[in-house]
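The values are calculated or read from the model by the stated rules, or taken from the named source; none is laboratory data. Bear in mind that the values here come from a model prediction, so they are computed numbers and not experimental data. Quick reminder, even Gly has a Cβ in these numbers, built from the backbone with ideal geometry, and neighbours come from all protein chains shown. Just so you know, the surface numbers come from the protein's heavy atoms only, side chains and all, with ligands and any DNA or RNA stripped out. Shrake-Rupley method; radii C 1.70, N 1.55, O 1.52, S 1.80 Å.
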Amino acid sequence: MDTASYDVSQWIDFLSKKPIPVLKHTARELERLQEDEVKLSAREITSIVLNDPFMVFRVISYANKHQGKHQLQDLIQVEQAILMMGTDAFYRNLPASPLVEEQLKSNIPALTHLLRLIKRAHRAAYFASDWAAMHKDFHSEEVRIAALLHDLAEMLMWCFAPEKMNTIFDMQQADKNLRSKAIQEEILGFKLVDLQKKLVEVFQLPPLLSKLMEDQGANEPRAINVALAVNLARHSSNGWDDAALPDDYSDIADFLRVDVARAKFIIGVPNNIVKPK
């Protein structure tokens, strides 16, 4: 199927009919766990699922699309969703296939970029969860999931439009001044943020999760937390000498109500960083 000229609505239709792949490690660990009746539980499954943004997305989407008639709240927490569906139903309805690595085996650069993006998402989730705990947020898991899935649309494009994503990456490397959204519109024909919004809507992710994932006009503390964590993970992935980091530190210090030195200590910034010129 030729997806070269797809717009957002066509991509959504495509992704709605296409199985979302999962990481090979996820499939291997879930299979291993299924064979161990002693350890098999919703909690053990959750610990595996949380390492894979694609599987987190599939679990939350499935759980909210198949709500029981007595279920009054949207499901955001992975363990809660798996408990509601049961371990047998999880394995039956959410098979750990196809595999990301198999899908991108002929495009190693795209696979490499995707795995780096997933690593960055985990860093954002860690930061967001840590700061939520400092704010005594008793639902920090929701903040963690929002940060983990913040760049889901980009992850999916690396899976299903790898050549275009490679082009975008190469253009940004050649000219650091190019605006990401402008390049996305030029190469993809749309902005990834617009695809992300439709994904959340069509795959029935909870409205609260959607709100926490929004960058624009974020004024609710938990949404600010996610935005700051995502920015820090993105900029620090370029190295701790990235020019955007000082502003991140200042914003995070304000959010945590500490001074910048303390914020950098909490973040874990190395001491031997050469300041950007």
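Counting only residues at least eight positions apart within a chain, or on another chain, the aspartates and glutamates with an alpha carbon under 13 Å from that of Lys176 are Asp242. The mean sequence distance of close C-alpha pairs (under 8 Å, at least 6 residues apart), as a share of the length of the chain, puts its relative contact order at 20 percent.
Relative to the present Cα-Cα distance, how much length would full extension add between Lys17 and Thr167 at 0.36 nm per residue of separation?
On the way: separation 150, 0.36 × 150 = 54.00 nm, distance 2.59 nm.
Full extension of this stretch gives 51.4 nm more.
Going through the cross-link list Lys17/Lys136; Lys17/Lys164; Lys136/Lys198; Lys164/Lys264; Lys65/Lys136, which pairs have a Cα-Cα distance over 29 Å in this structure? Over 29 Å apart, Cα to Cα: Lys17/Lys136; Lys136/Lys198; Lys164/Lys264; Lys65/Lys136.
Kindly sort Ser250, Ser9 by accessible area of their heavy atoms, largest first, with the probe set to 1.4 Å.
Working: Ser250 50, Ser9 75 Å².
Sorted by accessible area, descending: Ser9, Ser250.
Within a straight-line Cα-Cα reach of under 14 Å, Lys119 can be paired with the following aspartates and glutamates, leaving aside sequence neighbours fewer than 8 residues apart in one chain: Asp52, Asp151, Glu154. Extending 7 Å from Cα along the Cβ direction at Glu102 and again at Glu185 yields two label points whose distance is 3.9 nm.
Looking at the P(r) of the range 67-147, how many percent of alpha-carbon pairs lie beyond 22 Å?
On the way: 1629 of 3240 pairs.
The answer is 50 percent, as a whole percent.
Close amide H partners of Leu99, meaning residues 5 or more places away or on another chain with modelled amide H under 5 Å apart, are Val22.
Between Arg43 and Ser9, the contour length at 0.36 nm per residue exceeds the Cα-Cα span by 8.6 nm.
Note the full-extension length gain between Asn271 and Met84 as 0.36 nm times their separation in residues minus their Cα-Cα distance, in nm to one decimal. Let's see the in-between values first.
Values: separation 187, 0.36 × 187 = 67.32 nm, distance 4.59 nm.
Here the answer is 62.7 nm.
Listed values for the range 186-201 are Karplus-derived 3J(HN,Hα) couplings in whole Hz (6.51 cos²θ - 1.76 cosθ + 1.60, θ = phi - 60°), namely 5, 8, 8, x, 7, 8, 4, 5, 6, 5, 4, 4, 6, 4, 4, 6, and x replaces Gly and Pro. Highest GNM mean-square fluctuation among Arg58, Arg123, Arg32, for the chain modelled with Cα contacts below 10 Å: Arg32.
Projecting label points 7 angstrom from Cα along Cα→Cβ for His139 and Ser210 puts them 1.6 nm apart.
Which listed residue (His135, Ala81, Ala161) has the Cα farthest towards the positive end of the charge dipole for the chain, taking +1 on Lys and Arg C-beta and -1 on Asp and Glu C-beta about the Cα centre? Highest projection toward the positive end goes to His135. Shown here: mean projected area of the Cα convex hull in nm², derived from the displayed model; of the candidates [x] 23.0; [y] 16.2; [z] 14.2, it corresponds to [y].
Could you tell me what percent of the accessible area of the range 143-277 is made up of carbon and sulfur, with a 1.4 Å probe and every protein chain present? Write out the running numbers ahead of the final one.
Details: 3390 of 7010 Å².
C and S atoms contribute 48 percent here.
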